Amino acid sequence: MIKKYLASVAMLFLVAACSSTPQVQTGDGAEVIGDNLHRVDNSKADVAYIDPDADFSKYTKVMIRPLGVNKIEVIQPSKTGTSMSRRDWELTDADKQMLQDTFHSAMLKNLQDKGDFLLVDEPGDDVLEIGAMITAIAPSAAKDDGRSRAMGRSYVITDGSGAIAVAVAFGDSETGEVLALIKDSRSSSSHWGLNNSVTNKADVQRMFNSWAMQINSSLVEVSGKQ
């Protein structure tokens, strides 16, 4: 069920708003998807839906599905200037594995090691399942793979490494019922600096860690663990 929602929704994030209190739409005019998921206004995420009747207090553990990386739209960087590419930016199997490993490490670190939830591998009545997928990436420069960048260019300077968009579904691990959906997008550091495989990976780690921290804090809030 979670995989079905991720495939159809495209991108979805249950987080506290910066300046306004999140409000779940109710009543006849509420925007509802899947019969039980109501739109959340004033979310810090791009889009958020939640089941207003879900009891998140029962969940003390989290089961993380492998990050979905097979339906990623790659928004190509500019073909002009210092970021000019000699070939289209493509994700290899090694790139996808790196994204999956980095995401899982971020979730383990921020939900379990530094967070409030134990990560487990099996469903249970107190286990919340989280399934996430990357829907798009927008690199800010040609890929640093020894083939894509202009000949003779020893380094590239960009305003951050790019942006990533994700979709995340939260569901009951036993029934498969989806309890919340979010979509969000995030850009890397806005500071100008070197753009290479090392700095790009570091930016990805920062973005995943930021999302994981917000997931932990949001689950703490909706489960009443504060």
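The values are calculated or read from the model by the stated rules, or taken from the named source; none is laboratory data. In this text the structure is predicted, and so the values were computed from the model without any measurement. Counting neighbours? That spans all protein chains shown, and the Cβs are built from the backbone with ideal geometry, glycine included. These area figures cover heavy atoms from the full protein model, side chains too; ligands, DNA and RNA do not enter into them. Shrake-Rupley method; radii C 1.70, N 1.55, O 1.52, S 1.80 Å.
Brief remarks follow.
- If you filter the range 102-113 down to residues that are hydrophobic (A, V, I, L, M, F, W, C) and over 13 Å from Val220 (Cα atoms), you find that the one that is surrounded by the most Cβ atoms within 10 Å (Cβ to Cβ) is Phe103.
- From Asp116, Asp184, residue being touching a helix residue (DSSP H, G or I) at 6+ places or on another chain (Cβ under 9 Å) and either within 19 Å of Gln76 (Cα to Cα) or crowded, with 18+ Cβ neighbours inside 10 Å (or both): Asp184
- The range 106-141: number of residues that are over 20 Å from Val178 (Cα atoms) and of a type outside the set (A, V, I, L, M): 9
- Some residue of the range 33-46 being acidic (Asp, Glu), closer than 22 Å to Gly224 by Cβ and either open to solvent by less than 80 Å² (accessible area, probe 1.4 Å) or modelled with pLDDT of 95 or more (or both): yes
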